Amino acid sequence: MSERIVAIHQPELLPWLGFLDKLRQCDLFVLLDHVQFEKHYVQNRNRIRTSTPRGWSWLTVPVRVKGRFGQPINAVEIDDTVNWRRKHLAALEQHYHKAPAFWQEWPTLQAHYQRSVQRLADFNIDLIRWLSGCFGLDKTMIRSSELSVSGSRSELLLAICRKVGATDYLSGVSGREYLDRELFQRAGIRVRFQEFHHPIYRQCYEPFIPALSSVDLLFNHGPQAGEILAGERTPRLSEVFT
């Protein structure tokens, strides 16, 4: 049986580089969209670099949560009574218009924002697929809601791995704290833990701030973003801060 590394992650809004690095290292990426939505998490928000004193700000997609506690991510509806799309696009253009690759990527991102999408998961996954292409990550992605699996924590992750024929499960670092590795061992599935080293690269403003949305690296370095993420090209210091 050939090796098949599977990673599983909730679909985040314009995810950070650690998310894309996990996608880079796997053969199949499962978007965990049928588990409970969490407020104040990165399912409907993420950070961008700004020229403000704090240096960053949130981009947040308003969602309908009143009276819907416990709803799965794939059922969460976007609240379009708020003009959040225009606000996001205005903030991105304001703070990134001088980034070297901004205008190259801008028309496609605008088009994604202008689509009439009602559910958060659909919006996020569209953007994840766009980002994966921009970073040169030609990976197969499927949604957990399509797999008819159930369970909690380790049991759910194992059920997904079995369903898709995984030989290896690639977990994030936090999995060391909760993952039942013996469960996977008994099932004959190896567990690997992601080792992500955040690249330092030129941003629009100093000092460097890590753990922002992946669009920060994309807007600043364009076609080289994938190489920088993979560690194949480390920007010279003069490129980081000029």
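Would you check if ARG115 is charged (D, E, K, R) and out of contact with any strand residue (DSSP E or B) (no Cβ under 9 Å at 6 or more places or on another chain)? So ARG115 fits the description; yes.
Of all residue pairs spaced 6 or more apart or on separate chains, those with beta-carbon atoms under 9 Å, a first member in segment 53-74 that is free of Cβ contacts under 8 Å to residues at least 12 places away in the same chain and a second member that is assigned to a strand (DSSP E or B) are ARG68/GLU77; PHE69/GLN36. Of the residues making up segment 119-150, those that are loosely packed, with under 15 Cβ neighbours inside 10 Å and polar (S, T, N, Q) are THR140, SER148, SER150.
Apart from one condition, GLU105 fits all of (1) in contact (Cβ under 8 Å) with a residue 24 or more places away in the chain; (2) surrounded by fewer than 16 Cβ atoms within 10 Å (Cβ to Cβ); (3) acidic (Asp, Glu); the exception is (2). The set of residues in segment 175-216 that are farther than 22 Å from GLU232 by Cβ and polar (S, T, N, Q) contains only GLN185. LEU218 - would you say it is modelled with pLDDT of 95 or more, closer than 17 Å to ALA101 by Cα, surrounded by 18 or more Cβ atoms within 10 Å (Cβ to Cβ) and aliphatic (A, V, I, L, M)? Spelling it out, LEU218 is indeed modelled with pLDDT of 95 or more, closer than 17 Å to ALA101 by Cα, surrounded by 18 or more Cβ atoms within 10 Å (Cβ to Cβ) and aliphatic (A, V, I, L, M).
Regarding segment 154-163, can at least one residue be identified that is modelled with pLDDT of 95 or more, within 21 Å of PRO15 (Cβ to Cβ) and among the β-branched types (Val, Ile, Thr)? Yes, there is a match, as at least one residue in segment 154-163 is modelled with pLDDT of 95 or more, within 21 Å of PRO15 (Cβ to Cβ) and among the β-branched types (Val, Ile, Thr). Of all residues in segment 62-74, those being exposed (fewer than 11 other Cβ atoms within 10 Å of the Cβ) and over 30 Å from LYS163 (Cα atoms) number 2.
Please indicate, with yes or no, whether at least one residue in segment 69-83 is touching a helix residue (DSSP H, G or I) at 6+ places or on another chain (Cβ under 8 Å), assigned to a loop (DSSP other than H, G, I, E, B) and farther than 23 Å from LEU218 by Cβ. Yes, the conditions are met somewhere in segment 69-83. Counting only residues that are at pLDDT 95 or above and not in a helix (DSSP H, G or I), segment 173-185 holds 2 of them. Residues in segment 27-61 that are hydrophobic (A, V, I, L, M, F, W, C), within 30 Å of GLY165 (Cβ to Cβ) and more than 14 Å from the chain's Cα centre (by Cα): LEU28, VAL35, PHE37.
The set of residues from segment 153-176 being surrounded by fewer than 16 Cβ atoms within 10 Å (Cβ to Cβ) and either among the aromatic types (Phe, Trp, Tyr) or closer than 16 Å to PHE196 by Cβ (or both) comprises VAL173, SER174, ARG176. When the criteria are applied in full, HIS97 meets the requirement of being within 23 Å of ASN220 (Cβ to Cβ) and loosely packed, with under 15 Cβ neighbours inside 10 Å. I'm trying to understand the selection: among the residues of segment 92-105, which are in a helix (DSSP H, G or I) and in contact with a His (Cβ under 8 Å, 6 or more places away or on another chain)? Answer for segment 92-105, where residues must be in a helix (DSSP H, G or I) and in contact with a His (Cβ under 8 Å, 6 or more places away or on another chain): just TRP103. Evaluating ALA187 against the criteria (1) among the hydrophobic types (A, V, I, L, M, F, W, C); (2) farther than 30 Å from ARG49 by Cβ; (3) buried (at least 16 other Cβ atoms within 10 Å of the Cβ) leaves one unmet condition, (3). Every listed requirement among (1) surrounded by fewer than 18 Cβ atoms within 10 Å (Cβ to Cβ); (2) farther than 18 Å from ARG4 by Cα; (3) under 22 Å from the mean Cα position of the chain (by Cα); (4) free of Cβ contacts under 8 Å to residues at least 60 places away in the same chain is met by PHE193 save one, (2). Across segment 106-159, the number of residues qualifying as outside any helix (DSSP H, G or I) and either among the β-branched types (Val, Ile, Thr) or farther than 24 Å from PRO62 by Cα (or both) comes to 15.
The values are calculated or read from the model by the stated rules, or taken from the named source; none is laboratory data. These numbers were taken from a predicted model, which means no experiment stands behind them. For neighbour counting, all protein chains shown are included, and Cβ atoms are generated from backbone atoms with ideal geometry for every residue, glycine included.
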